[in-house]
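Here's the structure, in structure tokens; my notes come after.
The values are calculated or read from the model by the stated rules, or taken from the named source; none is laboratory data. All of these numbers come straight from a predicted model, not from anything done at the bench. All Cβ positions, glycine included, derive from the backbone under ideal geometry; neighbour counts span all protein chains shown. Just the protein is used for accessible areas: all its heavy atoms, side chains included, with ligands, DNA and RNA removed. Shrake-Rupley method; radii C 1.70, N 1.55, O 1.52, S 1.80 Å.
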Amino acid sequence: MTDVTVWDYGATSTSWTDADNWDNGAPAADKIVVVPTGIAGYPDLTGDTTVHALFLQAGGTITGGSNIHIYIDGETAGETVLGSANTNWTADVQGVITDELSIVVTYGSGESKIKLQPSSGSIHDLEINKSGGDNTVHDGALSISGTLWIKDGNMVMQANGDTLSVTEDIKLGNGSDAGFFGHNDHDGAMDARSLEIITSGSTFISTEGVLTLDGKNGSNYSFDNQGGTFTNNSGTLKVTGDGGHIREQGTGNIHHLIVDLGGGSETHRLSDSTTVEGNLTITEGDFQPNGRNLTVAGKTTIGPNSGSADQATLTCSSGTMSLGSTKTDGLGLHVQQGGTFVGGSGTHTMGSLAVDNNAAAKFTNTSGVNTLNGHSNDSTRVIIGGALSTCTAAGTITITYAGGGYNFQNGNAALINNLTLNSNVTANLSAATSITGDLTISQGTLTTGSNHALTVADVVTVNGSLTGNGSTLLFGSLKGTGTFNAPTTTVTIDDRDESTGKALHIDGMTIATNDLNVTITSAKNQDLQIGDDKIHDLTINHDTDARINYFTANGSIDGDLTITRGILNTFNRTLTVDGDCSIAADGKLEASVNGNVAVTLGSLTIANGGIYNATSATTEITNRTGGGYALQMVGTSAVINNNDGLFKFTLSDDVYVT
């Protein structure tokens, strides 16, 4: 049995080292030290001391000071302390600590218990530095005003719900062996300035609840796994301090991660590629992967869902981002009010994407490729873009989800720059949708659903299938070799494919369901490669009468050709119009440039100011208008330049020619 010495204030001083103040001599490494309640004066520590075990009874007081340590190198083994037999206790501190006091546990011959719960004052530093694998078990909640450092040995919380609060850092390792903290069933809240796992053999088992890190260590890390093991216990890591970094060079991933900094301008960064097994939630501050790869298996949510813009930001750069890849039980990325996603330039993969219908929800896609391969499980939507959101168009979004039909909607033209559909399923518009760049249907089908409008500023390429229903379709240009189930409305083309100069390149496309009616309204000169009988009615209506459409191959129109404004130049290609050809005052049909090829028209009507520069070969008229005219020139300024060509009328009925 170990000797017990009890403070009894027998001398005139309060000196810890005065033997007359103790009933069994001054504290020493081979004595259990007891400071009871009800004494007239209490001990002052002016320097470090070593004891076998320590008891500070509720109502008792020890006065410490800055950087003063009590080293404890033993435990009780049935000795009578404060009237009771005690076993396996290393320290029981429930009284008053004046100033501060640090505890160093070096006992390592078996499991021992500690309880550090001063009624006032604080334990500044707690250090566990003992050899062997036996636990130091803390009984109850633990609050440390300085650092908890488990240099060597194990420490656990006794009850599952016990809390741990450390004002400065939690550190593991750097002793002769390694440090270990935690157990798998613990769910009490934990907080510290930072967590530092120093050595490769050290392990930190986190709480099933929330571990909050509110600052950074001397190396600017909030979470600093330098090569040890972090066991997440399916809990949550929450970082709340400005300027910190997350270093993940060891084993184990973060489960849930919450970034909740002190303001929208405060930052937190990755120093290594990191995997989050659950969800990433950014409610305040700027989280920056910093060129590293970030994988989030669950949902990424940005923004507090209230207030002004830019409160919470995920700022990507060149790293690879994977946010909810293949996820079909909820969104991959959700940008809420107050949230901002900055895509950077890396390759991204997401299950699905939603940007809320609020000006304070902001999204910029990566300038590279963002692949979406899941859905929200909310009407099976892959993209949800609010019309009021603030977006900047960039890069390409490719949808590869192949598990069945899916929906997407985008009311904000700047959310999607380029969109590629590359899975052999049906994609359905669930709202009017705008695309700032190109739409490419590599395979599968895109249908406009319940007649939702589809606007594509640049090139639409259909190598799969596009179904237009009764929707309003506005494209920059149209090309491809797939199937276009034409709408019952007119398709408007208002630009060209800058790589080829073509507004239409559909000679290899299959047109089905309805007649394809097209109006061209571009402010640029364009080429047309329309093939035979792909277009029913074609209207040319440019911004000025100087714009030119050039045929780049022979073409035929099985309905009407109307040139309202601008020039259609056959460019030495044959032109066949089964219906009426009408040339308005600002229109011109140019068949004379290199024009030794046939032009066949159902009828020809030229308004006052309209011009037909005829082919030098044959212009054949095969039918007549509803008014009975095969050729009608309205007004004295209607012009036909015959270019020595032949006009041939091949009708079986009587007609008017005026």
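Looking only at residues in segment 68-80 that are within 22 Å of Ile123 (Cα to Cα) and among the β-branched types (Val, Ile, Thr), which one is surrounded by the fewest Cβ atoms within 10 Å (Cβ to Cβ)?
Ile68
Working only within segment 351-369, note down all residues that are β-branched (Val, Ile, Thr) and touching a residue at least 40 places away in the same chain (Cβ under 8 Å). Break it down stepwise before answering.
Of segment 351-369, the ones β-branched (Val, Ile, Thr) are 355, 364, 366, 369.
Answer for segment 351-369, where residues must be β-branched (Val, Ile, Thr) and touching a residue at least 40 places away in the same chain (Cβ under 8 Å): Val355, Thr366.
Checking each residue in segment 129-166 for being among the hydroxyl-bearing types (Ser, Thr, Tyr) and touching a His at 6+ places or on another chain (Cβ under 9 Å) picks out Ser145, Thr147.
Among the residues of segment 397-406, those that are open to solvent by less than 30 Å² (accessible area, probe 1.4 Å) and not aromatic (Phe, Trp, Tyr) comprise Ile397, Thr398, Ile399, Gly404. The residues of segment 593-617 that are among the hydroxyl-bearing types (Ser, Thr, Tyr) and open to solvent by less than 40 Å² (accessible area, probe 1.4 Å), listed by number, are Thr600, Ser603, Thr605, Tyr612, Thr615. Across segment 81-99, which residue is farthest from the chain's Cα centre (by Cα) among those that are surrounded by fewer than 19 Cβ atoms within 10 Å (Cβ to Cβ) and either at positive phi or outside any loop (DSSP other than H, G, I, E, B) (or both)? It comes out as Gly83. A search for C-beta distances below 8 Å between a residue of segment 35-63 that is under 18 Å from Glu127 (Cα atoms) and touching a residue at least 12 places away in the same chain (Cβ under 8 Å) and any residue that is surrounded by fewer than 24 Cβ atoms within 10 Å (Cβ to Cβ) and basic (Lys, Arg), counting only pairs 6+ apart in sequence or on different chains, returns Val51/Lys31; His52/Lys31.
Only residues that are among the aliphatic types (A, V, I, L, M) and in contact with a His (Cβ under 6 Å, 6 or more places away or on another chain): list them for segment 85-128, please.
Going residue by residue through segment 85-128, those that are among the aliphatic types (A, V, I, L, M) are 85, 91, 93, 96-97, 101, 103-105, 114, 116, 123, 126, 128.
Within segment 85-128, Val104, Ile114 meet the criteria.
If you check Ser165 against the conditions, is it within 17 Å of Ser206 (Cα to Cα), at pLDDT 95 or above and open to solvent by 10 Å² or more (accessible area, probe 1.4 Å)? Considered against the rule, which asks whether it is within 17 Å of Ser206 (Cα to Cα), at pLDDT 95 or above and open to solvent by 10 Å² or more (accessible area, probe 1.4 Å), Ser165 comes out as yes.
Whether any residue in segment 535-555 is over 17 Å from Glu590 (Cβ atoms), among the small types (Gly, Ala, Ser) and surrounded by fewer than 21 Cβ atoms within 10 Å (Cβ to Cβ) is what I want to check. No, segment 535-555 contains no residue that is over 17 Å from Glu590 (Cβ atoms), among the small types (Gly, Ala, Ser) and surrounded by fewer than 21 Cβ atoms within 10 Å (Cβ to Cβ).
Among the numbered conditions (1) in contact (Cβ under 8 Å) with a residue 40 or more places away in the chain; (2) open to solvent by less than 40 Å² (accessible area, probe 1.4 Å); (3) farther than 17 Å from Asn517 by Cα, the only one that Ala413 does not meet is (2). Beta carbons closer than 6 Å, at least 6 apart along the sequence or on distinct chains, pair a first residue in segment 549-561 that is free of Cβ contacts under 8 Å to residues at least 60 places away in the same chain with a second that is among the polar types (S, T, N, Q) for Asn549/Gln526; Tyr550/Asn569; Phe551/Thr570; Thr552/Gln529; Ala553/Gln529; Asn554/Thr574; Ser556/Thr576. Inspect all residues belonging to segment 219-227 and state whether any of them is open to solvent by 30 Å² or more (accessible area, probe 1.4 Å), modelled with pLDDT of 95 or more and among the aromatic types (Phe, Trp, Tyr). The answer is yes, given that some residue of segment 219-227 is open to solvent by 30 Å² or more (accessible area, probe 1.4 Å), modelled with pLDDT of 95 or more and among the aromatic types (Phe, Trp, Tyr).
In this structure, is Tyr42 aromatic (Phe, Trp, Tyr) and in a loop (DSSP other than H, G, I, E, B)?
Taking the combined requirement at face value, the residue satisfies it.
Report yes if some residue within segment 361-369 is over 24 Å from Thr283 (Cβ atoms) and in contact with a His (Cβ under 9 Å, 6 or more places away or on another chain); otherwise report no. Among the residues of segment 361-369, at least one is over 24 Å from Thr283 (Cβ atoms) and in contact with a His (Cβ under 9 Å, 6 or more places away or on another chain), which makes the answer yes. I'm checking my understanding of the structure. Among residues of segment 1-36 that are out of contact with any Lys or Arg (no Cβ under 6 Å at 6 or more places or on another chain) and acidic (Asp, Glu), which one is least open to solvent (accessible area, probe 1.4 Å)? Only one residue tops the list, namely Asp18.
In segment 381-388, the condition of being assigned to a loop (DSSP other than H, G, I, E, B), surrounded by 24 or more Cβ atoms within 10 Å (Cβ to Cβ) and of a type outside the set (A, V, I, L, M, F, W, C) is met by no residue. Counting the residues of segment 228-247 that are at pLDDT below 95 and open to solvent by 40 Å² or more (accessible area, probe 1.4 Å) gives 1. Scanning segment 47-59 for residues being part of a loop (DSSP other than H, G, I, E, B) and out of contact with any Gly (no Cβ under 7 Å at 6 or more places or on another chain) gives a total of 2. Residues in segment 253-283 that are within 15 Å of the chain's Cα centre (by Cα) and among the acidic types (Asp, Glu): Glu277 only. Residues in segment 6-39 that are out of contact with any helix residue (DSSP H, G or I) (no Cβ under 9 Å at 6 or more places or on another chain) and part of a strand (DSSP E or B): Val6, Trp22, Lys31, Ile32, Val33, Val34, Val35. Looking only at segment 629-643, decide whether some residue is farther than 28 Å from Ser522 by Cα, small (Gly, Ala, Ser) and open to solvent by less than 10 Å² (accessible area, probe 1.4 Å). Yes; the residues of segment 629-643 include at least one that is farther than 28 Å from Ser522 by Cα, small (Gly, Ala, Ser) and open to solvent by less than 10 Å² (accessible area, probe 1.4 Å). A residue that is within 22 Å of Gln529 (Cα to Cα) and among the aromatic types (Phe, Trp, Tyr) cannot be found anywhere in segment 625-634.
Collect the residues in segment 512-531 that are under 21 Å from Glu590 (Cβ atoms) and either open to solvent by less than 10 Å² (accessible area, probe 1.4 Å) or of a type outside the set (S, T, N, Q) (or both), keeping them in residue-number order. Write out each step before concluding.
Start the filter on segment 512-531 by keeping residues that are under 21 Å from Glu590 (Cβ atoms), which leaves 518-531.
Scanning segment 512-531 gives Val518, Ile520, Ser522, Ala523, Lys524, Gln526, Asp527, Leu528, Ile530, Gly531.
Determine if segment 347-364 includes at least one residue that is in a loop (DSSP other than H, G, I, E, B), open to solvent by less than 50 Å² (accessible area, probe 1.4 Å), modelled with pLDDT of 95 or more and under 22 Å from Ser423 (Cα atoms). Within segment 347-364, one or more residues are in a loop (DSSP other than H, G, I, E, B), open to solvent by less than 50 Å² (accessible area, probe 1.4 Å), modelled with pLDDT of 95 or more and under 22 Å from Ser423 (Cα atoms).
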